[in-house]
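One structure is given here, and the rest of the page talks about it.
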Amino acid sequence: MKEEQLLDLINNHTSENERLDYKREWHDNNSELMRDILSFVNTVHNQDCYLIFGIEDETFEIVGISDDDNRKNKQQLTDFLSHQNFSNKPPKINVETLTVEEKEIDVLTVYNTNSVPVYLINKYSRGKKTINPGQIFTRISDTNTPISESAPDFVVERLYKKRLHLNTTIYQRYLYLISQTKDWTYLDSEQKLLYNFDPNFYILIVEDPDEERKVHDGDYYGWLVNTSDFPSEWRIGRYRFVKFMYGDHLIFEVRPLFDFDRDRGMTLSPHFSKLVFNNSDTAYNYFLKDSLDWKFWHLLVDAWNQSMNGDFYRDYYYSASKVLENVVVYENDEERNYVESHYESRTTIEDLEYDFGAKLEPTEEEIQVLTQQNPKYGRSSLLQINLAKVISSRLDSIRH
């Protein structure tokens, strides 16, 4: 929470609700603190919640928290939670201190999770306050479940629906189901992925009947150049679309699949970008790990491995892993934007070679070998691959 957000809550006298609770001071009993945290974890909505310490809940008077002996920082609270035995992962929290009218206010954020309900496996007692195993706390309007009670049945039902994504749209549920890779079956003869527990969810891999959208035999892409064992090159054989279906309804599509290397290789189509937007020499290809198409790709690989004999990358589609050597795999779009933001419109290949400490410009001999295989390949294809490899190498060093 930012300071201006906190000021808005105070100035507008925003009442306590399912996401917000004001406290004059920190709890003097950790059982009560645990109950408040679990009440915010086990909410049926999908938003983060806030416990704000140092504010009178009725008058909105700013009293501050600097002299509170029970005050906790993020590390102390994280340690406290990590030593408890929960039914699921410990609640994810954050504690930050904001200054309002020269007084310190602590904001405890309890992050939203779908892994609900969360409860203690063992009894937890402090003084006369006891939380029993399996006791589920929740928050309805501005009221938490009393420490001697458990959440009503209708709330528990809604919490399990949240956990199983049964309270979401078809699109949102698909996003959840494709992450459950062990729950799908790959049907090779039908080129279909089938969700085991509800056959209304299935994914088709189909060739597009629209001739204008097809990629024909011999068409090429730079990231399909196999530089590891010149002079080979991989021609695309088929270009197929991935259709996420629910019954007879098309819900959405992701990036197309390519069959190449005489149908011995398959890969998802990567995205295209440039380190310098007005310089085509700085083009390269990438995937995003948090994207829907990348998640589908992992679903396909896992389902193939479960249903077929052998391993996807080692057997029939052995070439697919080599494609990934020519493509950058970012964690997310924020990471990509961070990398690309370091370069200006005047940045040249020579500048990039100096920056990365690596040779990017291919030799005439390398270009000649490649163009003998296919005249459409050439310098730009090799530049794309070289650039992708040095970006990937730098990302590896940063992450580790």
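Say whether the condition of being modelled with pLDDT of 90 or more, out of contact with any helix residue (DSSP H, G or I) (no Cβ under 7 Å at 6 or more places or on another chain) and not in a loop (DSSP other than H, G, I, E, B) is met by at least one residue in segment 368-387. Checking segment 368-387: at least one residue is modelled with pLDDT of 90 or more, out of contact with any helix residue (DSSP H, G or I) (no Cβ under 7 Å at 6 or more places or on another chain) and not in a loop (DSSP other than H, G, I, E, B).
Screening segment 109-132 for residues that are among the hydrophobic types (A, V, I, L, M, F, W, C) and part of a strand (DSSP E or B) and picking the one that is nearest to Phe86 (Cα to Cα) gives Leu120.
Does Asp293 satisfy the condition of being under 30 Å from Gln180 (Cα atoms), surrounded by 14 or more Cβ atoms within 10 Å (Cβ to Cβ) and touching a Leu at 6+ places or on another chain (Cβ under 7 Å)?
Numbers: under 30 Å from Gln180 (Cα atoms): yes; surrounded by 14 or more Cβ atoms within 10 Å (Cβ to Cβ): yes; touching a Leu at 6+ places or on another chain (Cβ under 7 Å): yes.
Here the answer is yes, as Asp293 does meet what is asked.
Taking the criterion of being aromatic (Phe, Trp, Tyr) and surrounded by 12 or more Cβ atoms within 10 Å (Cβ to Cβ), the only residue of segment 350-368 that qualifies is Phe356.
Of the residues making up segment 167-188, those that are touching a helix residue (DSSP H, G or I) at 6+ places or on another chain (Cβ under 8 Å) and not in a loop (DSSP other than H, G, I, E, B) number 9.
For the residues Pro133, Pro117, the requirement of being touching a residue at least 12 places away in the same chain (Cβ under 8 Å) and under 30 Å from the mean Cα position of the chain (by Cα) singles out Pro117.
Considering Arg163, Arg173, the condition of being of a type in the set (Lys, Arg), modelled with pLDDT under 95, touching a Leu at 6+ places or on another chain (Cβ under 8 Å) and more than 16 Å from His27 (Cα to Cα) is satisfied by Arg173 alone.
This table checks each residue for (1) modelled with pLDDT under 95; (2) farther than 21 Å from Asn17 by Cα; (3) among the hydrophobic types (A, V, I, L, M, F, W, C).
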| position | (1), (2), (3) |
| --- | --- |
| Ser87 | no, yes, no |
| Glu96 | no, no, no |
| Val110 | no, no, yes |
| Leu120 | no, yes, yes |
| Gln135 | no, yes, no |
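Among the residues in segment 145-160, are any of a type in the set (Val, Ile, Thr), surrounded by 13 or more Cβ atoms within 10 Å (Cβ to Cβ) and over 29 Å from the mean Cα position of the chain (by Cα)? Looking through segment 145-160, at least one residue is of a type in the set (Val, Ile, Thr), surrounded by 13 or more Cβ atoms within 10 Å (Cβ to Cβ) and over 29 Å from the mean Cα position of the chain (by Cα).
Yes/no per residue for (1) outside any loop (DSSP other than H, G, I, E, B); (2) farther than 29 Å from Ser380 by Cβ:
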{"position": "Val254", "(1), (2)": "yes, no"}
{"position": "Asp259", "(1), (2)": "yes, no"}
{"position": "Thr267", "(1), (2)": "yes, no"}
{"position": "Asn285", "(1), (2)": "yes, no"}
{"position": "Leu300", "(1), (2)": "yes, yes"}
{"position": "Trp304", "(1), (2)": "yes, yes"}
{"position": "Asp311", "(1), (2)": "no, yes"}
{"position": "Asp315", "(1), (2)": "no, yes"}
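Of the residues making up segment 133-166, those that are in a loop (DSSP other than H, G, I, E, B) and either touching a Gly at 6+ places or on another chain (Cβ under 9 Å) or within 22 Å of Gln47 (Cα to Cα) (or both) are Ile136, Phe137, Thr138, Ser141, Asp142, Thr145, Ser150, Ala151, Pro152, Leu164, His165, Leu166. Taken together, the residues in segment 80-114 that are free of Cβ contacts under 8 Å to residues at least 40 places away in the same chain, out of contact with any Phe, Trp or Tyr (no Cβ under 6 Å at 6 or more places or on another chain) and of a type outside the set (Gly, Ala, Ser) amount to 11.
The values are calculated or read from the model by the stated rules, or taken from the named source; none is laboratory data. Note that the structure is a prediction, hence the values are computed from the model and not measured. Quick reminder, even Gly has a Cβ in these numbers, built from the backbone with ideal geometry, and neighbours come from all protein chains shown.
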